[in-house]
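Beneath this line is the structure, given in structure tokens, with notes to follow.
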């Protein structure tokens with residue numbers, strides 16, 4: 001056990017729209033699922049996705065990026081053309097095992113896939129290390145073996161380090177059972193960056209959400225004993241069915257309004 005007390009201090013999170021957020025942790029700068037393409041229609045394996053609004057910044061606004069945390073590479077609302085171009089200039093991308101192979105093979109990017117509970121240590125600029133652990137995520141309602149052939153493989157991330165807050169980035173996860181398993185290992189979570197928005201497609205899974213809806217996002221906050229929840233990926237695409245107002249109402253109903261923070 002470390003003798004260094006853990007800080008629960010919060011840190012700024014900048015959202016760029018969709019799943020893309022920027023934050024600094026331990027002196028390293030992290031970006032989640034980079035997407036900066038213009039509004040329009042984008043083909044995905046199981047559907048055509050329609051982007052309805054532009055990002056609130058450009059890749060140039062990110063500044064230095066040390067690590068990309070990429071929940072999955074197969075859907076254009078999580079990694080688009082501009083996001084792929086960005087990866088070429090980033091020293092490390094952490095993603096799914098399959099995504100790590102695809103990105104390394106086709107782009108030459110320094111990508112590494114993390115299986116569930118697999119960890120990597122990253123050196124910090126001022127000495128010491130932090131640990132990034134891949135954690136379970138299921139991109140749809142039901143069991144992984146039923147979901148992954150349709151929606152693909154997804155990974156979430158937990159960041160830990162001596163004297164640093166514990167951070168969870170959910171990725172496109174619809175499973176509260178997965179959240180339970182993460183809470184058992186890492187809870188309480190100091191900052192949870194939760195993908196939400198209740199995205200649905202009438203032709204998939206009887207129209208059930210393929211990522212957490214607003215009530216489930218609030219429930220996830222309770223399970224994680226999260227001190228702060230920063231929602232992302234709940235607007236900017238036509239397949240989202242619940243937005244900011246739904247999240248505000250759900251967290252109020254759960255008595256968690258003080259935990260909700262907008263990036």
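Values in this text are rule-based calculations from the coordinates and carry no lab data. What you see is a predicted model; the values in this text were computed from it and never measured. Cβ coordinates were reconstructed from backbone atoms using ideal geometry, including for glycine residues, and neighbour counts include every protein chain displayed.
Altogether, the Stokes-Einstein calculation at 25 °C and 0.890 mPa s, with the Kirkwood radius of the range 13-259 over Cα pairs as Rh, returns a diffusion coefficient of 138 µm²/s. Of 199, 91, 165, the residue with the greatest mean-square motion in the GNM of the chain, using alpha carbon springs below 10 Å, is 91.
This ranking places 195, 16 by how few other beta-carbon atoms lie within 10 Å of each, fewest first, which gives 16, 195. Among 194, 124, sorting on how many other beta-carbon atoms sit within 10 Å of each Cβ, with the fewest leading, yields 124, 194. Taking only the alpha carbons of the range 1-154, we obtain Rg and Dmax values of 16.2, 52 Å in that order. With N as its number of residues, the range 113-223 has a Cα radius of gyration that, divided by 2.2 N^0.38 Å, comes to 1.13. Of the residues 30, 201, 240, the one that moves most in a GNM of the chain with alpha-carbon contacts below 10 Å is 201.
With neighbour counts taken as other beta-carbon atoms within 10 Å, the residues 52, 93 rank, fewest first, as 52, 93.
Specify the residue with the greatest mean-square fluctuation among 48, 31, 169, computed from a Gaussian network of the chain linking alpha-carbon atoms under 10 Å apart. Maximum fluctuation in the GNM of the chain, among the listed residues, is at 48.
Based on alpha-carbon centroids, what's the gap between the range 128-206 and the range 47-99 in Å, whole number please? Spelled out, the Cα-based centre of one part sits 17 Å from the other.
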